[in-house]
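Reviewing the structure listed below.
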Amino acid sequence: MKEVKKDKKIEITATYKVGRSVELLEFLLQKCNTSRNNVKHLLSNHQVLVNGSVATQFNLLLAKDDEIKIAKNKVSGATLKKTDTPKKSVKLDIIYEDSDFIAINKPYGLLSVESDKDNESAYDYLFRQMQKIDKNYRPYVLHRIDKETSGVLVFAKNVKIHSMLRLNWNDFVKEREYYAVVEGKMKEKSGRVISYLALNQNNLVYSTQDRSNQKAITNYKVVKESDSYSLLQVLIETGRKNQIRVHMQDLGNPIVGDMKYGFNKDPLHRLGLHASKLVFIHPITKKEITISAKTPASFYALFKKE
């Protein structure tokens, strides 16, 4: 895969979702209804994107849920949206790696995987790093954390492990720990929040007691506090979109910097939420794997200012 430079808009002619593990050439032959030579030309001409990154390797192994896009023209000096500003290539901090997994400390402000509006992602940068080692070497997406959240993000390194974990990831995860800086002092120094999360017309998540929605369970404990802020250790039993952010808003203590869910100041110049630890079971060896990312020093520094 090649780096996608950001000069002009890419026109996408087709988008496909991968349903099972298959090599890229075979997948394109099935979907594009054209000759092998034409498919090879698309690849060599840099017109095929896998999860937002340009793919040229015909035998690149795809996994379920990968997204494949076909560009009308060669992707070189281009971007998926006009409003992007050029950014330097990011070298990600790899905090864990073995034969089956690779994990990074994802920076805040970076998507886990590309979206329709933003093609810059942790997946893309990690893909580029891995491709420098081996052109057929790639990460496989297991889970995501919010763009505004930093911390532990784990990828599989082979399609076998990905297939075993992807659909049942939550069954293998034993602990999800976060650290959060919230507004004010907590009424209760520890607690448990249970609600059902739904999405409104403005694409905002909110709590309800309607059991037809997604159940979310958040446990928290105060680690430090001042008159203005509290630092919480948070353990979630469910991994729902914006779960911690919504539950802190429900308690009347929104997360620092979270203008989406009720906090209007930005003392950290970022969202005060960090995925600090993830514990999961290896699907083959059954051994417990623990991956940690140190909580940002800025979270603690906020309490020294008062």
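Every number in this text was worked out from the coordinates using simple rules, so none of it is lab data. Please read all numbers here as calculations on a predicted model, not as lab measurements. Here the Cβ is made from the backbone with ideal geometry for all residues, glycine too, and neighbour counts use every protein chain on show.
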Once the convex hull of the alpha carbons of the chain is built, what does its volume come to per residue, in cubic angstrom? 148 Å³
Kindly state, to the nearest 0.05, the FRET efficiency for GLU11 paired with ASN45, given R0 = 22 Å and r defined as their beta-carbon distance. 0.95
For segment 94-168: lysine pairs with Cα atoms under 15 Å, gap of 8 or more or different chains, count? 4
When the convex hull of its Cα atoms is projected in every direction, mean area for segment 114-246 (nm²): 10.8 nm²
Rough spin-label spacing in nm, given labels placed 7 Å along Cα→Cβ, for HIS269 and ILE194: 4.2 nm
Computed label-point distance, nm, for sites GLU288 and ARG20 using a 7 Å Cα→Cβ extension: 3.7 nm
Inter-site label distance for ASN203 and LYS31 at 7 Å from Cα along Cβ, in nm: 2.2 nm
Under the helix-only model (-39500 (n - 2.57) for each DSSP H run of 4 or more, divided by the residues of the chain), the mean residue ellipticity at 222 nm, to 500 deg cm²/dmol, is -5000 deg cm²/dmol
Over segment 115-170, one equal point on each Cα, no solvent: what is log10 I(q)/I(0) by the Debye formula at q = 0.14, 0.25 Å⁻¹? -0.43, -1.13
Between GLU225 and LEU61, what is the FRET efficiency for a Förster distance of 41 Å, r being their Cβ-Cβ separation, to the nearest 0.05? 0.25
Among LYS91, LYS287, LYS157, rank each residue by its count of other Cβ atoms within 10 Å, from fewest to most, as a rough exposure measure. LYS287, LYS91, LYS157
